[in-house]
Amino acid sequence: EIKPAPDEWDRVYNVDFYIEVNNKFIGIQIKPSTFEHAPDYERKWREIYKESHKKFTENFGGRVFIILSVKKDNKKEILNKEVIEEIRKEIEFLKKNL
């Protein structure tokens, strides 16, 4: 189950949503697809996210994944669909490594 992250997690860890697995948490950060098309912006923010996401993993055990969102036919879709499989693998990893 994907749940909205507490406001503090958004501010401290740059995490919008989370998934709980065996008392550990996987973080999800959602960004618009324009995020990856603005190289200077992306580079700057990825460095900031790198540190906050590292702290999240240290504190909660799971990795943080960035999902790129694009609006298509008045609906939001995941642009980087490969991240779904990466999240599934992280869930399985956390299930096996109590």
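Brief remarks follow.
- Cα long-axis angle, helix 39-60 against the chain (0 to 90 degrees, to the nearest 10): 10 degrees
- Members of Lys31/Lys75; Lys31/Lys76; Lys31/Lys71; Lys76/Lys96; Lys50/Lys71 lying beyond 21 Å, as alpha-carbon distances in this model show: Lys76/Lys96; Lys50/Lys71
- Relative contact order (%) - criterion: Cα under 8 Å, at least six apart; region: the chain: 26 percent
- Compared with the dominant principal axis of the Cα atoms in the chain, helix 82-96 is inclined by about 10°.
- For the chain, a simple Cβ point-charge model (Lys and Arg +1, Asp and Glu -1, everything else neutral) yields a dipole of about 120 debye relative to the Cα centre.
- Other residues with beta-carbon under 12 Å from the beta-carbon of Ala5 carry, at +1 per Lys or Arg and -1 per Asp or Glu, a net charge of -3.
- Per residue accessible area of the chain, 1.4 Å probe, in Å²: 69 Å²
- Between Arg46 and Ile78, the contour length at 0.36 nm per residue exceeds the Cα-Cα span by 9.7 nm.
- Distances between placed amide hydrogens fall under 5 Å for Asp16 paired with Ile28, Gln29, Ile30, all partners being 5 or more residues away or on another chain.
- The chain: antiparallel DSSP beta bridges as a percent of all, rounded to 5: 65 percent
- Expressed as a whole percent, the accessible surface of the chain that belongs to carbon and sulfur atoms is 50, based on a 1.4 Å probe.
- With K and R counted +1 and D and E -1, the other residues having a Cβ less than 13 Å from that of Gly61 yield a net charge of +3.
The values are calculated or read from the model by the stated rules, or taken from the named source; none is laboratory data. A quick note: this is a predicted structure, and the numbers were derived from the prediction, not measured. Positions of Cβ are generated from backbone atoms using ideal geometry, with glycine treated the same way; all protein chains shown enter the neighbour counts. Side chains are part of the model used for accessible areas, which takes the heavy atoms of the whole protein and leaves out ligands, DNA and RNA. Shrake-Rupley method; radii C 1.70, N 1.55, O 1.52, S 1.80 Å.
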